[in-house]
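Worksheet for the structure shown next.
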């Protein structure tokens, strides 16, 4: 194989690998409490990634979380409907991107609470973030993001 053929083959393989990845959806809906400013910051973070975010701050969050299938006790301050998935809380973009790249058969992913250092929550990350998947109120590990 000559150099030109090898180069073209390498380029084709790279192009194929790149096109297999799913892009983030263009739109998302973020459900939150009207007084929660960190949720607005997370929406701005998504917008910086090219996602058009609609904020709904008068929704019954408990009902939204139940509809989404978020497990009891693993909720956070906001719930996002994005493409075919739900995103619960301040999930870092590394996990969101992985979700859309891999497209697992789950309802969504989440990060319980409001961990410092996540998008929308100021400060440095001081402990691992345990991102989980969920479907019908059942959770499973998805990924751990180390500080």
What is the gain in length, in nm to one decimal, between residue 54 and residue 105 on full extension, counting 0.36 nm per residue of separation less the C-alpha to C-alpha distance? 15.9 nm
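Could you put 32, 98 in order, starting from the residue whose Cβ has the fewest other Cβ atoms within 10 Å?
98, 32
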From the C-alpha gyration tensor of the chain, pull out the three semi-axes of the equivalent ellipsoid (sqrt of 5λ each), sorted largest to smallest, in whole Å. 32, 16, 16
Quote the relative contact order of the chain in percent (integer), defining contacts as alpha-carbon pairs under 8 Å separated by 6+ residues. 21 percent
Using a Gaussian network for the chain with springs between C-alpha atoms less than 10 Å apart, which of these wobbles most: 111, 30, 61? 61
Within the set 123, 108, 89, GNM on the chain using Cα springs under 10 Å gives the largest fluctuation to 123
Listing 116, 80, 64, 109 from the residue with the fewest other Cβ atoms within 10 Å to the one with the most, what is the order? 116, 64, 109, 80
Run through the DSSP bridge list for segment 22-147 and note the antiparallel percent, rounded to the nearest 5. 70 percent
How far is helix 37-48 tilted, in degrees, relative to the longest principal axis of the Cα atoms in the chain, given as a value from 0 to 90 rounded to the nearest 10? 20 degrees
Once you have the Cα-Cα distance between residue 97 and residue 47, take 0.36 nm times their residue separation minus that, and quote the gain in nm to one decimal. 16.6 nm
Round to the nearest 10 and give me the degree value, 0 to 90, for the angle of helix 3-20's Cα axis relative to the longest principal axis of the chain. 20 degrees
Among 71, 25, 115, whose mean-square fluctuation peaks in a Gaussian network model of the chain (Cα, cutoff 10 Å)? 25
FRET efficiency (residue 23, residue 140; Cβ distance; R0 41 Å; to 0.05) is 0.95
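Before rounding to the nearest 500, sum -39500 (n - 2.57) across all DSSP H runs of length at least 4 in the chain and divide by the residue total; then give [θ] at 222 nm in deg cm²/dmol.
-10000 deg cm²/dmol
As a footprinting exposure proxy, order 139, 105 by other Cβ within 10 Å, with the fewest listed first.
Sorted ascending by nearby Cβ count, the order is 105, 139.
Read-outs: derived from the displayed coordinates by stated rules, not from any lab. Since the model is a prediction, treat every value here as computed from it, not as a measurement. Cβ coordinates were reconstructed from backbone atoms using ideal geometry, including for glycine residues, and neighbour counts include every protein chain displayed.
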